[in-house]
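Quick notes on the structure that follows.
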Amino acid sequence: MVVILLNCVTLGMFQPCEDVSCQSEWCRILQVLDDCIFAFFAVEMVIKMVALGIFGPNCYLGDKWNQLDFVIVMAGVMEYSLDGHNASLSAIRTVRVLRPLRAINRVPSMRILVTLLLDTLPMLGNVLLLCFFVFFIFGIVGVQLWAGLLRNRCFLGEDIRT
C-alpha cells in the first residue's frame, strides 16, 4: 500500500510539459522513483506468477484484478523497451494512471464495493438513455418556442463592425 501511495504522489508531481527532456534534478528524482516503483510491481507480479502458476483454474491470470495488474506491468515493460527507439510513448504512459487501481486488490471491502459498482453499470445505461431522451425532447421544444428570439441579444454595447 505504501508503494501505491508513493506512486500516486509521484504521478501527481510529474509535470511533463515543463521539462520535456527531463533535465532538471526534480524530474530525474521522480524518474528514479518511477523506475523503482515499476521494478517493485514487476517483481511482485513475477513472485505471484511463480507462487500461483500462470495458467489454470486457480492461477495468477485466473483473477480479473491480477489480469489488470498484468496489463499495467506489461505496459510498463513496453514503455521501457521502446524508450530508446524514436516511438511515441504517450499512449503507453497513460496506463501508469491505472497503477492506483492496484490498491483495490489489497483492500477486500473496497474490492467488493468496486465490483458492485461495475455490476450496476448496465442498469445505469437505461437511466442515461432516459436522461438523453428527455434532454433531447426539451431541446427540440426550446428551439421551436424561442427560435431566433434571442438572436443578436448579447453584445458589448458598441459597434463591433470594424
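For region 132-145, putting each phi into the Karplus relation 6.51 cos²θ - 1.76 cosθ + 1.60 with θ = phi - 60° gives couplings of 4, 4, 5, 5, 5, 4, 5, x, 5, 4, x, 5, 6, 6 Hz, in residue order, rounded to whole numbers and with x for Gly and Pro. Each label point was placed 7 Å from the Cα along the Cα-to-Cβ direction; for V71 and W146 their separation is 4.3 nm. With a simple spin-label model that places each label point 7 Å from the Cα along the Cα-to-Cβ direction, the separation between V95 and I54 comes to 1.6 nm. Taking 1.306 mPa s as the viscosity and 10 °C as the temperature, the Stokes-Einstein diffusion coefficient of region 17-76 based on its alpha-carbon Kirkwood radius rounds to 120 µm²/s. If R0 is 41 Å, the Cβ-Cβ spacing of V3 and V134 corresponds to a FRET efficiency of close to 0.35.
We did not get these values from a lab; they are worked out from the coordinates using the rules stated. Note that the coordinates shown come from a computational prediction; the quantities given were computed from them, not determined experimentally. Counting neighbours? That spans all protein chains shown, and the Cβs are built from the backbone with ideal geometry, glycine included.
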